[in-house]
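Accompanying notes for the structure given below.
The values are calculated or read from the model by the stated rules, or taken from the named source; none is laboratory data. Computed from a prediction, not measured in an experiment: that's the story for all the values here. Neighbour counts run over all protein chains shown; Cβ positions are idealised from the backbone, glycine included. When the accessible area is computed, the model is the full protein with side chains, heavy atoms only, and any ligands, DNA or RNA have been set aside. Shrake-Rupley method; radii C 1.70, N 1.55, O 1.52, S 1.80 Å.
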Number of protein chains: 4
Amino acid sequence: MKGKMRVLFKKNPGPGAEMGLADIPKPASKEVLIKIKVSSICGTDLHIYNWDSWSQHHIKTPRIFGHEFSGEVVEVGSEVTSLNVGDYVSSETHIVCEKCFQCKIGNGHVCTNTKILGIDIDGIFAEYVVLPEVNIIKNDLSIPPEVASVQEPFGNAVHSTFVDEIVGNRVVVFGCGPIGLFCCSLAKSAGASFVIGVDIKNYRLKLAKKMKADIVLNGKKDDVIGEIMKLTEDRGGVDVFLEMSGSPDAIQQGFKVLRPGGWASLLGIPSAPFEFDISEHIVFKGATVYGIIGRRMYDTWCKTQSILKSKIVDVMPVITHKFKLEEFEKGFQLMKEGKCGKVILIP
Amino acid sequence: MKGKMRVLFKKNPGPGAEMGLADIPKPASKEVLIKIKVSSICGTDLHIYNWDSWSQHHIKTPRIFGHEFSGEVVEVGSEVTSLNVGDYVSSETHIVCEKCFQCKIGNGHVCTNTKILGIDIDGIFAEYVVLPEVNIIKNDLSIPPEVASVQEPFGNAVHSTFVDEIVGNRVVVFGCGPIGLFCCSLAKSAGASFVIGVDIKNYRLKLAKKMKADIVLNGKKDDVIGEIMKLTEDRGGVDVFLEMSGSPDAIQQGFKVLRPGGWASLLGIPSAPFEFDISEHIVFKGATVYGIIGRRMYDTWCKTQSILKSKIVDVMPVITHKFKLEEFEKGFQLMKEGKCGKVILIP
Amino acid sequence: MKGKMRVLFKKNPGPGAEMGLADIPKPASKEVLIKIKVSSICGTDLHIYNWDSWSQHHIKTPRIFGHEFSGEVVEVGSEVTSLNVGDYVSSETHIVCEKCFQCKIGNGHVCTNTKILGIDIDGIFAEYVVLPEVNIIKNDLSIPPEVASVQEPFGNAVHSTFVDEIVGNRVVVFGCGPIGLFCCSLAKSAGASFVIGVDIKNYRLKLAKKMKADIVLNGKKDDVIGEIMKLTEDRGGVDVFLEMSGSPDAIQQGFKVLRPGGWASLLGIPSAPFEFDISEHIVFKGATVYGIIGRRMYDTWCKTQSILKSKIVDVMPVITHKFKLEEFEKGFQLMKEGKCGKVILIP
Amino acid sequence: MKGKMRVLFKKNPGPGAEMGLADIPKPASKEVLIKIKVSSICGTDLHIYNWDSWSQHHIKTPRIFGHEFSGEVVEVGSEVTSLNVGDYVSSETHIVCEKCFQCKIGNGHVCTNTKILGIDIDGIFAEYVVLPEVNIIKNDLSIPPEVASVQEPFGNAVHSTFVDEIVGNRVVVFGCGPIGLFCCSLAKSAGASFVIGVDIKNYRLKLAKKMKADIVLNGKKDDVIGEIMKLTEDRGGVDVFLEMSGSPDAIQQGFKVLRPGGWASLLGIPSAPFEFDISEHIVFKGATVYGIIGRRMYDTWCKTQSILKSKIVDVMPVITHKFKLEEFEKGFQLMKEGKCGKVILIP
């Protein structure tokens, strides 16, 4: 396919972004060209939009950003065997080398040669994108395009929640952004005894209730530690701590309410090192702590699709706003204010 | 048995300790009286001897301290069924409640009602001690009394080293005190590809070589991070990081040299919180981190005994000094100077 | 407490059972006396009632049988610390030695010195029973007595279902007696993608539908293998096979529909060895197979109680009939005919 | 490279094989051409040579057979990025689709579209072979070519032995052909308490002693069950049973001596279904049983290479004979008689 396409991109270093035109990319022999139906905004996109310190070090302009999407295959490379024009797809957004030690032992999610869509290469806030065949996920036709678009962060939640045992356990989720919200519902749908959602914004706590959190606590207003310890007195704390906020305060609180012998998934990314009591929080507690990055390739995706197809979890309450791609500023503004779940952009 | 026994105890708050006399204790129905053959000094005993801040908060005087020993059963309570007078024994030193949630699910090592021998109750720097039947470990007759005495810290090493996969993996051990030294030999004897020992005292690094460390590095003199990364370049770091030092510097270095997807056991206890980069060290790395406390009851002990009986590991090089109980000051002095492995005291 | 109590017992070898009187037993120092509120009939009780070959070798008469119950503590031994008169309780029915290797490493469920309630010692088809403190489970007051009574077989299902991964997986349960029915609901409630129940009695398949099985198949009428393979074509079979029937045919079929790399729990007990294709069913498939016996002590119980208290699973549809203890013949007759779920007996 | 090469092949259906000439194959874009330095004979090759029932159903003639080898890359396809001419290599012999569910979740070893070298496609009893880049394993230069050739079956042993816990455990290996011999040494080198090798040929039992088996038993002459139960009385049997023989008798014996709660790897392939007591051997025992096929791709290979490079296991005693490819009949004859370990063929 030839011609130009509309894109949302960061033209030069600095805050903001703008619409523009770019060449429709051409798939190589093992790649496919996808027409984007629906895209969605990730917290990382907001960092890029805001041009924070991390973005300044990781983004080279000009760069089309965005990585969450669903779309349709419109052209396939000459050696592609598992995909056809017309397929309804989304994509793993980490493009890995398949040759390093981590990839060889099935740990592609920590491949040291990873290229990330919308960060290291041009992303999907555009009409089209080219991606390697191996990264493409065929969506079940029963999954709405908005849901298919958010299944990439949903996969983060699947990875975080199911790295260890959930059933019959009491779970606290710190940080009720979209990934934390997914965690609430996933844990509860997988037999958690009860799920506590913690955030500092009431808007998000309301969403947490919709996403099956049994109890919600406001980190600024409630006695989070006291309340949780009261609820879990017989076990000395929660069995499972899912850290989705990146806030040092939340991390400290989460470990304080984790019971001896409990486990924690850490996905949130604190922006700087901070004082942490390894003795109390990990050693004496005999805790098991999992660092979570990306999605396991591709067992997390298989599980994700299975969960979505079976309607075990209803993702829709998390999708709160929908705009045209050109209206991107409205979406980023809502995210800055924390007054949204997931924001959809239609190119 | 009636009468008095010689003991080493902390009479009043403050540094040091002294010899004295105490009543030989009387076993209750589910307890046994043991005559101590051999005892050994733990780092915790040095803390108590030095009367550091931790000791001031945890030790009530007068207190007989010490917890590592081997000895002989000389009297059994009326309901004891698995032990007889004459049995050659040592003991798990954590006396747990068997009734809390942690105990009920087989995690007695994190029982919140734990009483520790020589800390919360009178210990074994004495001629006799009384202990619950359930805590007693029958030693194989082929195991020398010195070795039987140090199997409690050896069990810490077994717990730390075998919580995840070792065979074919590259292992770094930070902190080559007795537990770290055991870890070196255990990892190598269980098929580690190679083992690197790190410490800041050459005396201990020499012991590490004797305990099968393939490479030793001095944290004060060598480029620890550079050397390890060179040795493990193809995997982006070591597969396994065993933290046995409690030093914040060591912990930082250990995580820096841990490969993406690697695992760490943390047993060393930093004396205070410190600045830690959770994002780099755990999250982005997709690391798995195990807090290690005590020994699993009693699978760690079964494994420990099996290893000692099979002579898979030779513990003797770690045992560097032997004194009479009355000469305790010599032992504690050597420990202060870091010029010893394990010090034995004979009551 | 002194006096006589009504009991249902096997007086002499041979089919059937009869009501009688026995002394109310006396708790020893670490035991408690329980007044039975509700009991329920297990398949094993039917074997004993029928006096089949197994019973002839395992039961010494006279024997009070039965082991599933809930009741109230009415007397406690002198050394009991965790229970009080009035406590609402049930019991783990395997009385284990706590001293063998299996017990020591936390595998009490395969203790080789196990004594089973109602088989090796007098059981609970009676007004009272004496049991060791360590075996007693305190029930949450919100759990109805009938449900508390069946939590012992429910625990078998918990053990079978959660020994490996369920969430997002497709599960087949062969054998929809009470334990199989519990498995259906447990798997579905823990996020199974879908659950298929297989039995040869329509009565039970109807119960399976009530217990959240998405699909039910009649092993005598439906093309079980064909249907399941069609439903799971994309994975080459189901991910999980839970064998609760003990039927050689079911075992063969279950392994045939298990996908390569899948896992199986085997709890049903074939009455004799049979021709089994280890190459096809286990080796070539790279399958993982778990033998399931009893409940893990006591993590299965903790999970069981947590699940029941959280109302994750509704057990009530499985409880289909309730009789007075004296009406026991009606209950055993229904079980023979397979025209019941769980039958309750009230002493 | 053009021209003809010498090959050992099965020209027509029927017993035996013959030398011949074939075109040197041409690598496609993602393939490499390898010059075979050393090959070795697998039990499967003997089946093909003998033209047994399995071979008649799986081998289409003409077919070059053989799959174990080491060699040198002499030509690379246009898109090969990780290999160069001159590289010293061996190969995973299962060529998998990378697209089925099993491949996607990292279980390529049970890919249902697997093509096996020397069975489904032409093999390596030849001067050259063409293989996909992704299958190629770069050998460390310190590994002798004979050892590099046998690392494919060595990988089977690595897969079997390390699927669960070995350290401190007592292990029995049934079947002391090359894979069983490797298992003996691997288990012992990874900290097994002791290893028992069982076979019916004394030649192989002698090799087992060389490969670190502590005890060897002749299944035809010794009281295998009695001896093992005596050695493991305190645990009620061995902790680990590695089945490498495919003999129904061995499988029965192995399960009989497995302790309650123990684990088993089944790799040997019985030629037909046989009477098996699932109740006694798996259910009542609470055993965990792993079906083992191939090697995990590619974590087993990474571990294998790490073990060989670190000299943890000495493979050489297993390699007992070396012939020119033309002398193949000598090799197959020795294998028929069971009077060899591994037989090397030099093309």
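What the table below lists for this structure:
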{"item": "A from D by rotation - nearest chain D beta carbon to the axis, in Å", "result": "D:G106, 2"}
{"item": "Accessible area buried, both sides summed, chains D and B with 1.4 Å probe, Å²", "result": "1300 Å²"}
{"item": "Rounded to whole Hz, the Karplus (6.51, -1.76, 1.60) HN-Hα couplings of region C:270-275, x for glycine and proline", "result": "x, 7, 7, x, 8, 5"}
{"item": "Relative contact order (percent, whole number), region A:77-163, Cα cutoff 8 Å, 6+ residue spacing", "result": "33 percent"}
{"item": "Order of exposure, largest accessible area first, which applies to B:T304, A:T114 with probe 1.4 Å", "result": "A:T114, B:T304"}
{"item": "Accessible surface ranking that places the most exposed of B:K2, C:K206, A:K303, B:K342 first, with a 1.4 angstrom probe", "result": "B:K2, C:K206, A:K303, B:K342"}
{"item": "Net +/- balance of residues flanking D:E31 in space, Cβ distance below 11 Å, scoring K and R +1, D and E -1", "result": "-1"}
{"item": "Residues whose placed amide H lies under 5 Å from that of C:I319, excluding near-sequence neighbours", "result": "C:K342"}
{"item": "Relative contact order computed over region B:157-291 (Cα-Cα under 8 Å; 6+ residues apart), in percent", "result": "23 percent"}
{"item": "Chain B: most fluctuating residue of B:H159, B:H94, B:H58 per GNM, C-alpha cutoff 10 Å", "result": "B:H58"}
{"item": "Where N is the number of residues in region B:75-131, Cα Rg divided by 2.2 N^0.38 Å", "result": "1.29"}
{"item": "Per-residue HN-Hα couplings for region C:222-228 [Karplus 6.51, -1.76, 1.60; θ = phi - 60°; Hz; x = Gly/Pro]", "result": "9, 7, 4, 5, x, 4, 5"}
{"item": "Debye intensity ratio in log₁₀ form over the Cα atoms of region C:127-187, taken at each q of 0.21, 0.22, 0.23, 0.29 Å⁻¹", "result": "-0.92, -0.97, -1.01, -1.24"}
{"item": "Using distinct alpha-carbon pairs, which all enter the 1/r mean, Kirkwood radius of region D:210-249 in Å", "result": "11.6 Å"}
{"item": "Carbon and sulfur %, accessible surface of region C:157-291 computed with the full protein complex present, 1.4 Å", "result": "50 percent"}
{"item": "Mean separation of Cα contacts under 8 Å, 6 or more apart, over the residue count of chain C: relative contact order %", "result": "17 percent"}
{"item": "Hydrodynamic radius of chain C per Kirkwood, over alpha carbon pairs, in Å", "result": "20.7 Å"}
{"item": "Label 7 Å beyond Cα on the Cβ vector: B:L21 copy-to-copy distances, nm", "result": "6.5, 10.4, 10.5"}
{"item": "Summed residue charge, Cβ within 13 Å of C:R295's Cβ, Lys/Arg positive, Asp/Glu negative", "result": "-1"}
{"item": "Charge context of A:V163, other residues only, Cβ under 13 angstrom, K/R +1, D/E -1", "result": "-2"}
{"item": "Heavy atoms of A:Y88 accessible to a 1.4 Å probe, total area in Å² rounded to 10", "result": "20 Å²"}
{"item": "At q = 0.13, 0.19 Å⁻¹, base-10 log of I(q)/I(0) for region A:229-347 (Debye sum, equal scatterers on each alpha carbon)", "result": "-0.77, -1.13"}
{"item": "Tensor-based shape of region B:15-167 (alpha-carbon gyration tensor, a/c under 1.5 rounded, otherwise prolate or oblate)", "result": "rounded"}
{"item": "Average accessible area per residue (Å²) across region A:157-291 - probe 1.4 Å, nucleic acids and ligands excluded", "result": "31 Å²"}
{"item": "Cα radius of gyration and Dmax for region C:10-86 (Å)", "result": "15.1, 42"}
{"item": "Accessible heavy-atom area order of B:D222, C:D52, highest first, probe of 1.4 Å", "result": "B:D222, C:D52"}
{"item": "Accessible-area value, A:H47, 1.4 Å probe, nucleic acids and ligands omitted, Å²", "result": "90 Å²"}
{"item": "Estimated FRET transfer efficiency (B:K324, B:V74; beta-carbon r; R0 25 Å; 0.05)", "result": "0.75"}
{"item": "Nonlocal amide H pairs with D:S91, under 5 Å, H built at 1.01 Å", "result": "D:F69, D:I137"}
{"item": "Cα gyration tensor, the protein assembly as shown - rounded (a/c under 1.5), prolate or oblate", "result": "rounded"}
{"item": "Positive-end residue of A:V172, A:I225, A:N202, charge dipole of region A:144-258 with Cβ unit charges", "result": "A:N202"}
{"item": "Assigned charges on the beta-carbon of Lys, Arg, Asp, Glu; region D:25-181 dipole about Cα centre (debye)", "result": "280 debye"}
{"item": "Hz values of 3J(HN,Hα) by residue in region B:190-200 - Karplus curve (6.51, -1.76, 1.60), Gly and Pro given as x", "result": "9, x, 4, 5, 8, 10, 10, x, 10, 7, 10"}
{"item": "Cα centre as origin, Lys/Arg/Asp/Glu Cβ charges: the protein assembly as shown dipole, Debye", "result": "0 debye"}
{"item": "Cβ-Cβ FRET estimate between D:L141 and D:K4, R0 fixed at 25 Å, reported to 0.05", "result": "0.25"}
{"item": "Separation of alpha-carbon centers, region B:1-24 and region A:159-231, rounded to whole Å", "result": "53 Å"}
{"item": "Pairwise centroid distance, computed over Cα atoms, of region C:292-347 with region B:256-277, Å", "result": "48 Å"}
{"item": "Rh by Kirkwood over Cα pairs, then Stokes-Einstein D for region B:157-291 at 1.567 mPa s and 4 °C, µm²/s", "result": "91 µm²/s"}
